[in-house]
Amino acid sequence: RGIMKLMTNPGGENTKRPGVMIPIPQYPLYSASLAEYNMEQVGYYLDEARNWALDPKELERSIKEAKKKCDVRAIVIINPGNPTGQVLTRENIEAVIKFAHKENLFVFADEVYQHNVYAEGSKFHSFKKVMMEMGAPYSEMEVASFMSCSKGYMGECGIRGGYAEVVNMDVGVMAMLQKSISAKLCPTVLGQACMDLVVNPPRPGEPSYESWLAQKDGTL
């Protein structure tokens, strides 16, 4: 929400409202936040007949229509999907990255369900990793990746711990973002400690590794 808020200034009364592309169906946080900030919701439809696949042609259709009424500034990708559960292939992610680069869009990569991949043959790929492996100019794109201890094997919704990793953001804009979020409340110490355990789990050979792995695999 803090990053999205940076995009709210439309530049004057006679300019188009800023817009953000979001998947349909989607987690309602995004549509609610766009409504709160008076931004345009630019929906792109997932293909139910193909297990809720993301079709690059649909992205092109959506942004073409949206440009008539708003200034599209970002795209939200939920991978794995919520509520649909689809997992994007690497090829699909590369196509989205190329589309976002062509349209000069900031990428919101909602990856909080990355541990919840169950379909045979499916594999989670992070947007940041794929983007970096694609090399320039794609590795220079702005992206924010999200993770939370409310999902995955932790499932600790009440702890309210999470993070956003922001890559390649302009230094001045990043400073403004940090000022903005510094004025807000932060998660409790328990939430921060829980999130640290999610990103730094026990390693093989450490005393708690076997019990942690058994509990994680049993939960998932």
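The values are calculated or read from the model by the stated rules, or taken from the named source; none is laboratory data. Just so you know, these numbers come straight off a predicted model, no measurement behind them. Note: ideal-geometry Cβ built from the backbone for every residue, glycine included; neighbour counts use all protein chains shown. Only protein heavy atoms, including side chains, enter the accessible area calculation; ligands, DNA and RNA are left aside. Shrake-Rupley method; radii C 1.70, N 1.55, O 1.52, S 1.80 Å.
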- Does any residue of segment 86-105 turn out to be surrounded by 16 or more Cβ atoms within 10 Å (Cβ to Cβ) and farther than 21 Å from Met132 by Cβ? yes
- Note on the structure: Among helices (runs of 4 or more DSSP H) entirely within segment 99-213, at least 1 residues that are out of contact with any His (no Cβ under 8 Å at 6 or more places or on another chain) and under 21 Å from Arg73 (Cα atoms) occur in 127-134, 171-182
- Item | Search result, residues across segment 33-62 that are part of a helix (DSSP H, G or I) and within 16 Å of Phe108 (Cα to Cα) | Ser33, Leu34, Leu59
- Filter segment 184-214 for residues that are open to solvent by 90 Å² or more (accessible area, probe 1.4 Å) and either modelled with pLDDT under 85 or under 21 Å from Glu111 (Cβ atoms) (or both) and give the result. Lys184, Leu185, Cys186, Val189, Leu190, Gln192, Leu197
- Task: Kindly indicate the residue of segment 34-62 that is of a type in the set (A, V, I, L, M, F, W, C) and without any contact (Cβ under 8 Å) to a residue 40 or more places away in the chain and also surrounded by the most Cβ atoms within 10 Å (Cβ to Cβ) among those meeting that condition.
- Result: Val42
- Go over the candidates Ser122, Ser148 one by one and state the one that is open to solvent by less than 60 Å² (accessible area, probe 1.4 Å), of a type in the set (Ser, Thr, Tyr) and more than 16 Å from the chain's Cα centre (by Cα). Ser122
- Out of curiosity, is Arg73 closer than 21 Å to Leu29 by Cβ and either surrounded by fewer than 20 Cβ atoms within 10 Å (Cβ to Cβ) or of a type outside the set (A, V, I, L, M, F, W, C) (or both)? yes
- Item | Residue list for segment 141-195, filter: touching a residue at least 60 places away in the same chain (Cβ under 8 Å) and hydroxyl-bearing (Ser, Thr, Tyr) | Tyr153, Ser180
- Query: Can you name the residue in segment 10-32 that is within 15 Å of the chain's Cα centre (by Cα) and part of a strand (DSSP E or B) and, of all such residues, is surrounded by the fewest Cβ atoms within 10 Å (Cβ to Cβ)?
  - Reply: Ile24
- Message: So, Ile75, is that one within 24 Å of Gly152 (Cα to Cα), not in a loop (DSSP other than H, G, I, E, B) and not aromatic (Phe, Trp, Tyr) or not?
- Response: yes
- Message: Any residue that is over 27 Å from Gln178 (Cα atoms), of a type outside the set (Lys, Arg) and either at pLDDT 90 or above or in contact with a helix residue (DSSP H, G or I) (Cβ under 6 Å, 6 or more places away or on another chain) (or both) - is there at least one of those in segment 8-24?
- Response: yes
- Message: Please verify whether Glu140 is at pLDDT 95 or above, of a type outside the set (A, V, I, L, M, F, W, C) and within 27 Å of Asn9 (Cβ to Cβ), treating the condition exactly as stated.
- Response: yes
- Message: If a residue must be over 26 Å from Glu120 (Cβ atoms) and over 19 Å from the mean Cα position of the chain (by Cα), how many such residues does segment 37-57 contain?
- Response: 2
- Note on the structure: If we keep only residues of segment 156-181 that are small (Gly, Ala, Ser) and either touching a strand residue (DSSP E or B) at 6+ places or on another chain (Cβ under 9 Å) or modelled with pLDDT of 80 or more (or both), then the residue surrounded by the fewest Cβ atoms within 10 Å (Cβ to Cβ) is Gly172
